[in-house]
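Trainee: Let me begin by handing over the structure; questions about it come next.
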Amino acid sequence: MIRRYIISLALVGLLFIIPGCGGGGGGGGDDVVAPAESTITISGAPSDTISIGTSSTSWYEYCCIVIVVKNANGIPLNDVDISISYPWAVPSPPGLVQFYDGKNNPQDSPLNVKTDINGAYYLKIGYQGGLLEYTGSILVVSGSVSAAATFAVDTGSE
């Protein structure tokens, strides 16, 4: 009788411990956004203008912009929903920028994805350069938390 009671308590204790493991947002296909005290960082995005000095409009690739979501203690949050947008990205009328998923498939903006086990998402973009000049902010949002990084292209002429 006591043994059954102890085993029952141990099983109930496990139910409270297991959901607390890891830095996960949720997993299991649930829609999970970053808690309000979280931070989103964007690295690898050029904070300065990319100068393209060619004389024709061409497509170029930029890889990778790394987006990381962490909780207030600095622990990466996995399986967190994030939305990534850019004003000149497809399907905007000029379509100057194209987002790609992890399998190199073209995706529209806003791109809705989840962070990986390390709380990160790696964004590859294609962009038009040459005779075109444009600038805008790559905006990443999860719940009430957001971050932005400038991505600009110019012709390289002064």
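The values are calculated or read from the model by the stated rules, or taken from the named source; none is laboratory data. A quick note: this is a predicted structure, and the numbers were derived from the prediction, not measured. Because the Cβ atoms are built from the backbone with ideal geometry, glycine has one as well, and the counts that use them run over all protein chains shown.
Trainee: If a residue must be among the aromatic types (F, W, Y) and closer than 24 Å to T54 by Cα, how many such residues does the stretch 101-158 contain?
Mentor: Here the count works out to 3.
Trainee: Show the residue pairs that are 6+ apart or on different chains and have beta-carbon atoms under 6 Å apart, the first residue being within the stretch 134-158 and farther than 21 Å from P35 by Cα and without any contact (Cβ under 8 Å) to a residue 60 or more places away in the chain, the second being surrounded by fewer than 18 Cβ atoms within 10 Å (Cβ to Cβ) and not polar (S, T, N, Q).
Mentor: Filtered contacts from the stretch 134-158: G136/P87; S137/A148.
Trainee: Go through I42, I67, I82 for me and flag whichever is assigned to a strand (DSSP E or B) and modelled with pLDDT under 95.
Mentor: So the residue among I42, I67, I82 that is assigned to a strand (DSSP E or B) and modelled with pLDDT under 95 is I42.
Trainee: Specify the residue that is surrounded by the most Cβ atoms within 10 Å (Cβ to Cβ); the eligible residues are those in the stretch 102-112 that are in a loop (DSSP other than H, G, I, E, B) and touching a residue at least 24 places away in the same chain (Cβ under 8 Å).
Mentor: Here the residue is S109.
Trainee: Between a first residue in the stretch 28-50 that is on the phi > 0 side of the Ramachandran plot and a second residue that is modelled with pLDDT of 90 or more and part of a strand (DSSP E or B), which pairs have beta carbons less than 8 Å apart while being 6 or more apart in sequence or on different chains?
Mentor: Pairs that qualify, where the first residue is on the phi > 0 side of the Ramachandran plot and the partner is modelled with pLDDT of 90 or more and part of a strand (DSSP E or B), are G44/I65; G44/V66.
Trainee: Among the residues of the stretch 63-101, write down those that are surrounded by fewer than 19 Cβ atoms within 10 Å (Cβ to Cβ) and touching a Phe, Trp or Tyr at 6+ places or on another chain (Cβ under 7 Å).
Mentor: Correct list: C64, V66, P94.
Trainee: Separate question: From the residues in the stretch 113-149 that are assigned to a strand (DSSP E or B), surrounded by 14 or more Cβ atoms within 10 Å (Cβ to Cβ) and among the polar types (S, T, N, Q), which one is modelled with the lowest pLDDT?
Mentor: Checking each candidate, the answer is Q128.
Trainee: Quick one: count up the residues across the stretch 66-85 that are under 9 Å from the mean Cα position of the chain (by Cα) and over 9 Å from Y121 (Cβ atoms).
Mentor: The number of residues fulfilling the criteria is 2.
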